[in-house]
Amino acid sequence: MFKKIVLVGLLVAGLVVGATLPAQAAEEGRRNTVWAQSGGKTVFDDPLVPGNSYKRAVELYNDSDIQAIAHFSVQPYGATKDGKYNSTDIAVIERSELAKWVTYANGQDVYDVILEPRQTVEVPFTIAVPSNWVASGNQSAAVVISSEDYSPDKTDDDKGLAIETEYLHLLFANIQGTEPLRVDSKFVGLEVPSLMLDASQGLPIKLHLANDGNVWTTVKYHIKVVDKILYDAVAYETDGPKELLSDSQVAVEQIWEGLPDIGLVEVQATVTIGGEEFTEQKTVVAFPLWLIFIITTMIILLVAALILKIRKHQAGK
């Protein structure tokens, strides 16, 4: 459906969503980028009430030397039960009615704005929740922003070669319908291999999270790898937020590339959900296969030598 959609960042202080197709400029040094500056998402902390309207805006910046035009639309978008984002899954579409409630300044669900070189513009939009809406729970959608060259001197040769970008600006909201809003997010557990035979592949770390409620919640996580051989020195550390949509199971995945060929590390995970903190630690041993082969060979040789010595001793009696 789109030429290119790339989500950049997933919720490190927010979901930063953007994509840029490499541009071939007609003149050397020409920069062709237009991007959203509003953090890649709009999150409503308080539930939306049927019959009410809510105004927000997306900020755009034209980081190029040419005039650009940005096209705005809106589409269903959200997470499947395994946390994968798309716009086609039936469960996602059922939770994306929000896309039908978005209009721009012209009262339509599509809108165009022209940006001069190095110009920043703010594009407002309105979410109007139908007064007859009864279902409680989370809703999500995506404002789709595509931009292209709009300069007067644009030629046929420039078509498709200058500015041509697409972005998704995600919308997250909980709707207060007739049913109670239910928060039920949980930290399922930390998953790491207990033995690493090939450290060159990096240490895979997974935090399993689940949301059995009917609203989205923000979970904060912190992962730390401690080197137990080097006096508990911190070898790796990362953290961030993670949005959990209703009825979903999600894994936060990290790869630590600094695992030594031979070592002993402890992976420590801390997850904060609704002010409550959960922790789990697991130990990982790094021991290469070639070393196991050498040690095994040495043991076999030592055992064989011992047996041979015993037999010679018995034969001399």
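The values are calculated or read from the model by the stated rules, or taken from the named source; none is laboratory data. Here the structure is a predicted model, which means the values were calculated and not measured. We place every Cβ from the backbone using ideal geometry, glycine too, and count neighbours over all the protein chains shown.
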- Task: Count, please, the residues in segment 92-102 that happen to be loosely packed, with under 15 Cβ neighbours inside 10 Å and either part of a strand (DSSP E or B) or touching a helix residue (DSSP H, G or I) at 6+ places or on another chain (Cβ under 8 Å) (or both).
- Result: 0
- Considering only segment 249-280, state which residues are in contact (Cβ under 8 Å) with a residue 60 or more places away in the chain and either out of contact with any helix residue (DSSP H, G or I) (no Cβ under 9 Å at 6 or more places or on another chain) or not assigned by TED's automatic domain parsing to the domain that holds residue 207 (or both). 249, 250, 251, 265, 267, 269, 271, 273, 274, 278, 280
- Item | In segment 63-91, the residues that are of a type in the set (A, V, I, L, M, F, W, C), at pLDDT below 80 and surrounded by fewer than 21 Cβ atoms within 10 Å (Cβ to Cβ) | 90, 91
- Message: Just to be sure I understand the filter: pairs with C-beta atoms under 6 Å, separated by 6 or more residues or on different chains, first member in segment 172-198 and closer than 19 Å to residue 218 by Cα, second member modelled with pLDDT of 95 or more and acidic (Asp, Glu). Which pairs pass?
- Response: 190/280
- Note on the structure: Within segment 252-268, of all residues that are aliphatic (A, V, I, L, M) and under 18 Å from the mean Cα position of the chain (by Cα), the one farthest from residue 198 (Cα to Cα) is 252
- Message: Please go through segment 109-137 and give me each residue that is under 19 Å from residue 60 (Cα atoms), outside any strand (DSSP E or B) and either touching a Cys at 6+ places or on another chain (Cβ under 8 Å) or not basic (Lys, Arg) (or both), ordered by number.
- Response: 109, 110, 116, 117, 119
- Mind telling me which of the residues 161, 190 ends up being surrounded by 16 or more Cβ atoms within 10 Å (Cβ to Cβ) and modelled with pLDDT under 90? 161
- Message: Looking at the structure I just gave you, is residue 140 in a loop (DSSP other than H, G, I, E, B) and touching a residue at least 60 places away in the same chain (Cβ under 8 Å)?
- Response: no
- Message: With the requirement that a residue be of a type outside the set (Gly, Ala, Ser) and closer than 14 Å to residue 128 by Cα, what does segment 51-73 give you?
- Response: 52, 54, 55, 56
- Message: Can you find a residue that is in contact with a strand residue (DSSP E or B) (Cβ under 9 Å, 6 or more places away or on another chain), at pLDDT 90 or above, closer than 30 Å to residue 85 by Cα and of a type in the set (S, T, N, Q) anywhere in segment 282-295?
- Response: no
- Message: Against the conditions (1) in contact with a Pro (Cβ under 8 Å, 6 or more places away or on another chain); (2) surrounded by fewer than 18 Cβ atoms within 10 Å (Cβ to Cβ); (3) touching a residue at least 24 places away in the same chain (Cβ under 8 Å), where does residue 105 fall short? Just the number, please.
- Response: (3)
